[in-house]
Amino acid sequence: MILSVSHKTILLCFLSGFLAQAIKTFFGYIREKKLNLRNLVEPGGMPSSHSSSAATLTTCIGLASGFDSMLFTSTLFFSVIVMYEATGLRRAAGRQAKMLNQLLDRIYKKEDTGNMKLRELLGHTPAEVLLGALMGVVLAIAFF
């Protein structure tokens, strides 16, 4: 069965995001010496699956429609927004969560605050976004 360009593009985007999450899960296993399947769906970490999927989509559209097309330009614009938000807004929210968790620990010194803790790893460093984007571009070029 031969896939259409749009089917191949969406499959590559999902594959790109899944591979990024699988890489995070693998390195989490190496680091923590235990398998944490939550890493397959949680945001943050290296590489950025959002950036990888967005870069895959943008590259596939460039390859199919031309890198001077309006569709490529639009997709590139929204991919840059996704990557900017990952390093900006979501990263700032993660830093705030970390500070709030530290405050909770100080206030409730002897009590367990595990249920009240906020998720700290929400955004990405610029390197995590860049690696995710590069991974997405390479995947699109290799399999498109």
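The values are calculated or read from the model by the stated rules, or taken from the named source; none is laboratory data. It should be emphasised that the depicted structure is a prediction, and the values quoted were computed from it without experimental measurement. In this analysis, Cβ positions are derived from the backbone assuming ideal geometry, glycine residues included, and neighbour counts consider all displayed protein chains.
Here are the numbers for this structure:
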item: Elements of type helices (runs of 4 or more DSSP H) contained in region 36-144, each with 3 or more residues being surrounded by 16 or more Cβ atoms within 10 Å (Cβ to Cβ) and modelled with pLDDT of 95 or more; result: 49-65, 70-87, 126-143
item: Answer residue from region 1-23, given it is without any contact (Cβ under 8 Å) to a residue 60 or more places away in the chain, of a type in the set (S, T, N, Q) and not in a loop (DSSP other than H, G, I, E, B) and is surrounded by the fewest Cβ atoms within 10 Å (Cβ to Cβ) among those; result: 6
item: Scan of region 1-35 for residues that are among the hydroxyl-bearing types (Ser, Thr, Tyr) and either under 19 Å from residue 130 (Cβ atoms) or modelled with pLDDT of 85 or more (or both), ordered by number; result: 4, 6, 9, 16, 25
item: Tally, over region 24-35, of residues that are among the basic types (Lys, Arg), in a loop (DSSP other than H, G, I, E, B) and either on the phi < 0 side of the Ramachandran plot or surrounded by 12 or more Cβ atoms within 10 Å (Cβ to Cβ) (or both); result: 1
